[in-house]
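The values are calculated or read from the model by the stated rules, or taken from the named source; none is laboratory data. The model shown is predicted, which means the values in this text are computed figures rather than measured ones. Cβ coordinates were reconstructed from backbone atoms using ideal geometry, including for glycine residues, and neighbour counts include every protein chain displayed. Accessible surface is based on the protein model in full, side chains and every heavy atom, while ligands, DNA and RNA are left aside. Shrake-Rupley method; radii C 1.70, N 1.55, O 1.52, S 1.80 Å.
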Amino acid sequence: MKVAVVGATGLVGSEMLTVLAARNFPVTELIPVASERSKGKEITFKGKQYKVVTPDDAIALKPDVALFSAGGSMSLSYAPKFAEAGITVIDNSSAWRMDPTKKLVVPEVNGHLLSAEDKVIANPNCSTIQMVVVLKPLHERYVIKRVVVSTYQSVTGTGVKAVQQLKDERAGVDGEKAYPYQIDLNVIPQIDVFQDNGYTKEEMKMIKETNKIMDDDTIRITATTVRIPVIGGHSESVNIEFANDFELDEVRTLLANQAGVVVIDNPANLEYPMPKDAHGKDEVFVGRIRRDESQPNTLNLWVVADNLRKGAATNAVQIAEKLLEKGLL
Ligand code: 2RA
């Protein structure tokens, strides 16, 4: 399988290479793609050196599949060109996620929808992915009416500059800023730009993408997304109101049986998911499972995942694996 990774030199792109190797995806030839200024750079993949090429060079090399994580404008201009050349695109940017003609896929939730017609497939936002994997079995069993989610998101979600700002602040070094405020010993209640309704773009992504992936616009969702000085992954406090009542034991069993989910829920032993434990892993970790005693049929959960892995690179590779499984690649 000839695989192109567009944005191979970026944080998510290099994580895609790590995941492709770790999951033994059948790559016979890697085509690392980046902008003109990175052309010719050497990338090591599974012990072999590959030279970075431009997007136009990559199309000419005719990969079977292209994983994109190079920003929205690159995806808007090049995903259609790759698709027209018969190359299946799995795009991690937000460019195509809400396009009604494109599928927005988390394999454990709606991977069954993938078909031969899908030449540009959108990878959802990291904070959405980890939440819908958990919502799926609970919605099927109890029917979700409303979700209230508050997130605690890693600086890796912003990129290398943000990680460096955190490290510099911690070392007392005055460096380049990714945020308008100090991030260490602080939290910033803003991820992406503010919309007219007072929500941020990140919060609206969680709302709109969740309704699309769950294929159910009746689910009412509100979100508050917050940046915190953490590296390992995103954490989310999720409050879910169902149409029906539930038994906590059954909730735990449904979550434990859900593909891609690991339940860590033993508060008596101080066992619950934390970003430092999720870092570098592909699963979504759930704990603090408890009834919301303030109203009927309502559940509280704590959900943690590595936003560069299941939140981006791993989900993209799992979409490619699903395409392979269905004979579509
Ligand atoms: C963030 N989810 O965490 C956004 C984009 N990766 O910044």
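Assorted remarks:
- Dipole magnitude (debye, nearest 20) for the stretch 94-181, charges at Cβ of Lys, Arg, Asp, Glu: 280
- Computed over the chain, relative contact order equals 18 percent, with contacts defined as Cα pairs under 8 Å that lie 6+ residues apart.
- Cβ-Cβ FRET estimate between Ser294 and Thr218, R0 fixed at 25 Å, reported to 0.05: 0.65
- Spin-label model distance (nm) - Ala21 vs Gln182, 7 Å beyond Cα toward Cβ: 3.8
- Note, ³J(HN,Hα) from phi for the stretch 75-82, Karplus 6.51, -1.76, 1.60, rounded to Hz, x at Gly and Pro: 5, 4, 7, 9, 4, x, 5, 4
- Positive contributions from Lys and Arg (+1) and negative ones from Asp and Glu (-1), summed over other residues with Cβ under 11 Å from the Cβ of Met74, come out at 0.
- Residue ranges 65-76, 260-271 sort as 65-76, 260-271 when ordered by packing (mean number of other C-beta atoms within 10 Å per residue, highest first).
- Each peptide among 299-306, 195-202, 319-326 gets the average number of other Cβ atoms lying within 10 Å of its residues, and from highest to lowest they stand as 299-306, 319-326, 195-202.
- Size of charge dipole - the chain - debye, nearest 20, with Cβ of Lys, Arg +1 and Asp, Glu -1, no other charges: 720
- Among Val238, Val106, Val187, residue whose mean-square fluctuation peaks in a GNM of the chain (springs only between Cα atoms under 10 Å): Val187
- Packing, as the average of other Cβ atoms within 10 Å across residues, places the peptides 214-222, 80-88, 154-162, 167-175 in the order 154-162, 80-88, 214-222, 167-175, highest first.
- Ligands, DNA and RNA left out, the accessible area of the stretch 51-113 computed with a 1.4 Å probe is 59% carbon and sulfur.
- When DSSP beta bridges are restricted to pairs lying wholly in the chain, around 50% turn out antiparallel.
- With 5 Å bins from 0: P(r) over the stretch 71-148, alpha-carbon pairs, percent: 3, 15, 23, 22, 16, 10, 6, 4, 1
- Structure remark: mean-square fluctuation, Gaussian network model of the chain, C-alpha springs under 10 Å; the largest value among Arg227, Arg97, Arg291 belongs to Arg291.
- Mean separation of Cα contacts under 8 Å, 6 or more apart, over the residue count of the stretch 182-244: relative contact order %: 40
- Pair-distance profile P(r), taking every C-alpha pair of the chain, with 10 angstrom steps and integer %: 6, 26, 34, 24, 9, 1, 0
- Here the stretch 46-164 is treated with +1 on each Lys and Arg Cβ and -1 on each Asp and Glu Cβ, and its dipole about the Cα centre works out to around 360 debye.
- Net charge of Cβ neighbours under 13 Å - reference Pro273; Lys, Arg +1; Asp, Glu -1: -2
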